[in-house]
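The values are calculated or read from the model by the stated rules, or taken from the named source; none is laboratory data. As the structure is a prediction and not an experimental result, all values here were calculated from the model. Note: ideal-geometry Cβ built from the backbone for every residue, glycine included; neighbour counts use all protein chains shown.
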Amino acid sequence: MMSRQGVDPGATTLGATDPSDAAVRKSRGGRPPRISREEVIAAGLEVGLANLTFRAVAEKLGVSVQALYKYVADRDELVAVIGEEILESYTSPVDDGRPWAEWIFDVALGLKELLTSSPGFAQVAITRGHAMPALLHAYEVQLQVATRSGFDLTTAMWASRSVNEFVQSAVSRRELQQASVADTGIEYWDDMKLTLAEAGNEKFPLLAAALDDADALDYEKRFNAALRALIAGLDALRTN
């Protein structure tokens, strides 16, 4: 289970001896099974980026943690190759001639779907997206469409990065909230309602009323409204 800080309490510090290794070897007996780099990556995909540790991958394969170092140098490399595998299913956007605002909205929804389908990948995209060729290609196409639509190169970069960062941050924040719910058993908005009730709802009448509005709390509606507002504002930066 992830903690509130997003740290896996069962994570193994790379380079340290995993106390479970001996037990795994002892229970298995005989010579260790042969594995491949492809099997390590597949096991990492099964474990998922949100819960990825060398220990979890080793247990999935029935090998010791140290055995994994023959195939990947460290967790960062494992994260990178798993990220590339995830991107294999991503259809990079193409310029279909539509206006930028309409086009980038659909691109953003596609990115959101990709990140949501692979928990933990949003944080990887934030920290390592610059090192993933598939994402760099998508960014290049975004700049092409933006400059074709009347942005100069500087504002095209601002606009493209703003949309991508909005999506990545929104998905990552959603995952952190869900991890907190799993940890505490209390939904985010319910927790806020309890806090208001304890402090006195009369002190926060508008906030208390908003928390009773289902539309105000609907994640998808709120995400789409905020995305459209962001894009509309960025569209005003076009020079022609």
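Report the residue count in the range 49-64 for those that are of a type outside the set (D, E, K, R), in contact (Cβ under 8 Å) with a residue 24 or more places away in the chain and within 13 Å of residue 39 (Cα to Cα).
Adding up the residues that qualify gives 4.
Could you list, in sequence order, the residues of the range 197-224 that are under 22 Å from the mean Cα position of the chain (by Cα) and either part of a helix (DSSP H, G or I) or surrounded by 14 or more Cβ atoms within 10 Å (Cβ to Cβ) (or both)?
217, 219, 220, 221, 222, 223, 224
Against the condition over 27 Å from residue 222 (Cα atoms), out of contact with any Cys (no Cβ under 6 Å at 6 or more places or on another chain), assigned to a helix (DSSP H, G or I) and in the same structural domain as residue 219 (by TED's automatic domain parsing), how does residue 144 come out, does it pass?
For residue 144, the condition - over 27 Å from residue 222 (Cα atoms), out of contact with any Cys (no Cβ under 6 Å at 6 or more places or on another chain), assigned to a helix (DSSP H, G or I) and in the same structural domain as residue 219 (by TED's automatic domain parsing) - is met.
For residue 153, are the conditions met, namely being more than 12 Å from residue 238 (Cβ to Cβ), in contact with a Phe, Trp or Tyr (Cβ under 6 Å, 6 or more places away or on another chain) and not hydroxyl-bearing (Ser, Thr, Tyr)?
no
Can you spot a residue in the range 84-101 that is in the same structural domain as residue 219 (by TED's automatic domain parsing), in contact with a Ser or Thr (Cβ under 9 Å, 6 or more places away or on another chain), surrounded by 21 or more Cβ atoms within 10 Å (Cβ to Cβ) and modelled with pLDDT of 90 or more?
yes
Table: residues versus (1) among the basic types (Lys, Arg); (2) within 25 Å of residue 178 (Cα to Cα).
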residue: 52; (1), (2): no, yes
residue: 55; (1), (2): yes, yes
residue: 65; (1), (2): no, no
residue: 82; (1), (2): no, yes
residue: 86; (1), (2): no, yes
residue: 104; (1), (2): no, no
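For the range 163-196, enumerate the residues that are of a type in the set (Gly, Ala, Ser) and surrounded by fewer than 16 Cβ atoms within 10 Å (Cβ to Cβ).
Across the range 163-196, the qualifying residues are 169, 182, 185.
Within the range 229-240, is there a residue that is farther than 25 Å from residue 116 by Cα, among the β-branched types (Val, Ile, Thr) and assigned to a loop (DSSP other than H, G, I, E, B)?
Checked against the condition, which is being farther than 25 Å from residue 116 by Cα, among the β-branched types (Val, Ile, Thr) and assigned to a loop (DSSP other than H, G, I, E, B), the range 229-240 yields at least one hit.
Testing residue 157 on (1) part of a helix (DSSP H, G or I); (2) crowded, with 20+ Cβ neighbours inside 10 Å, one condition comes back false. Which one is that?
It is condition (2) that residue 157 fails.
If we keep just the residues of the range 127-145 that are among the small types (Gly, Ala, Ser) and either out of contact with any helix residue (DSSP H, G or I) (no Cβ under 7 Å at 6 or more places or on another chain) or exposed (fewer than 14 other Cβ atoms within 10 Å of the Cβ) (or both), which is modelled with the highest pLDDT?
Only one residue tops the list, namely 138.
State all residues of the range 21-50 that are modelled with pLDDT of 85 or more and part of a helix (DSSP H, G or I); if no residue qualifies, say none.
37, 38, 39, 40, 41, 42, 43, 44, 45, 46, 47, 49 - these are the residues of the range 21-50 that are modelled with pLDDT of 85 or more and part of a helix (DSSP H, G or I).
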